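The values are calculated or read from the model by the stated rules, or taken from the named source; none is laboratory data. Quantities reported herein were computed from a predicted structural model and do not represent experimental measurements. Positions of Cβ are generated from backbone atoms using ideal geometry, with glycine treated the same way; all protein chains shown enter the neighbour counts.
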Amino acid sequence: MTWQPEADPWGFEAEPVETWADVITAQAPDLAIMVAFFALALFSFHRKSVRLKYVTLIAAVLLLGVRSSFLLSIVNVFGVFHGELPVFRHNLAWYVFAGGTLLMTVLFGRFYCGRVCAYGALTQLLDAVLPATWRIEMPHRIERRAVHIKFGVLAAVTGYLLITRDMGIYRYVEPFWMFGGFGTPIMWTGLALLIGVTVFVRNAYCRFLCPLGATLGLLSAVTVFPIKRWSECSTCRICQKTCEWGAIDEGRIIRTECVRCDDCERLYDDHAKCPHWRILDYRASGGRKVLPLRPVT
Ligand code: SF4
Ligand code: SF4
């Protein structure tokens, strides 16, 4: 009689093997929310609808912020260069989120800031409900210089991360931890101050301080589908006054600042407000038809 080894005496074979079907099923709710959110964001962007944009902003705060704490951080940018990213298999929705953001940035610019980032969405919603009379309009020349502060913050954080590898730094330069709720009393006080400033200075953090916004702004230099401009835009300047992000200067769009909010695009598609169309009408009528422009509200 020959000795037969006992099949798997330790019971290892009984261990269930996790298949891709199991992995996807377990993450299906997050994946479905992420795909649905990006579909909504893209649809609202395509339709240039103010109402749909606000629906998207509310969804960003509630679904991506409060429910899932899905926010990109400067730490993720640093992680790309150091191969320190979440495990793909267990973070599929996060990869859809990050990959979608990268793709949108290359295609359109700071699309993420305009309607995906939960913090940016919250401040835009604040801006929409607070009385306009509370706002302090910053002198243009100061605003033009202040937007560079965020690039200084980005350089400082990058230097700090390169030297120390201390990823916890993000909590002191990004308020995104608020959606996870793990701030210290000092950080909550700083956040209250930041939101207090935002009440009076529109999108203050996003325009002047955010290192992630700065990174996406730099990436926007390669935007495949930039905003179109009419030849009259360099002299007309109506949309420059309309841009709440200070992203139009001397009739030219500054890609690092533009968040693709649609406001200027809606304006120059409007035949009653944009002088471009009135000039075309005037020429087509042989110089006889001159209709008054509807004021920009
Ligand atoms: S600038 Fe920063 S906080 Fe503002 S929307 Fe962009 S990533 Fe979010
Ligand atoms: S108004 Fe135009 S230029 Fe200004 S942020 Fe919105 S899309 Fe960009």
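Within region 36-66, can you find the residues that are surrounded by fewer than 16 Cβ atoms within 10 Å (Cβ to Cβ) and under 20 Å from Asp269 (Cα atoms)? If the condition is that a residue be surrounded by fewer than 16 Cβ atoms within 10 Å (Cβ to Cβ) and under 20 Å from Asp269 (Cα atoms), then Phe43, His46, Arg47, Lys48, Ser49, Val50, Arg51 are the ones that fit. Summed over region 170-189, residues that are part of a helix (DSSP H, G or I) and either surrounded by 15 or more Cβ atoms within 10 Å (Cβ to Cβ) or not assigned by TED's automatic domain parsing to the domain that holds Ser68 (or both) total 9. Contact map, region 106-118: residues that are free of Cβ contacts under 8 Å to residues at least 40 places away in the same chain paired with residues that are more than 10 Å from ligand 1 (Cβ to nearest atom), Cβ distance under 7 Å, separation 6+ or inter-chain. No pairs are found. Within region 196-219, the residues that satisfy the criterion of being surrounded by 16 or more Cβ atoms within 10 Å (Cβ to Cβ) and more than 13 Å from the chain's Cα centre (by Cα) are Thr198, Val199, Val201, Arg202, Ala204, Phe208, Leu209.
Taking the listed residues Glu244, Glu250, the one that is among the charged types (D, E, K, R) and out of contact with any Cys (no Cβ under 8 Å at 6 or more places or on another chain) is Glu250, with no other qualifying. Within the bounds of region 129-138, is there any residue that is of a type in the set (Phe, Trp, Tyr) and surrounded by fewer than 13 Cβ atoms within 10 Å (Cβ to Cβ)? Yes, there is a match, as at least one residue in region 129-138 is of a type in the set (Phe, Trp, Tyr) and surrounded by fewer than 13 Cβ atoms within 10 Å (Cβ to Cβ).
Per the listing Leu107, Leu193, Leu125, Leu162, the residue uniquely closer than 21 Å to Lys53 by Cα, out of contact with any Leu (no Cβ under 7 Å at 6 or more places or on another chain) and either crowded, with 18+ Cβ neighbours inside 10 Å or of a type outside the set (Asp, Glu) (or both) is Leu107. Identify, by number, the condition in (1) part of a helix (DSSP H, G or I); (2) surrounded by fewer than 16 Cβ atoms within 10 Å (Cβ to Cβ) that Ser69 doesn't meet. Only one criterion in (1) part of a helix (DSSP H, G or I); (2) surrounded by fewer than 16 Cβ atoms within 10 Å (Cβ to Cβ) is unmet by Ser69, namely (1).
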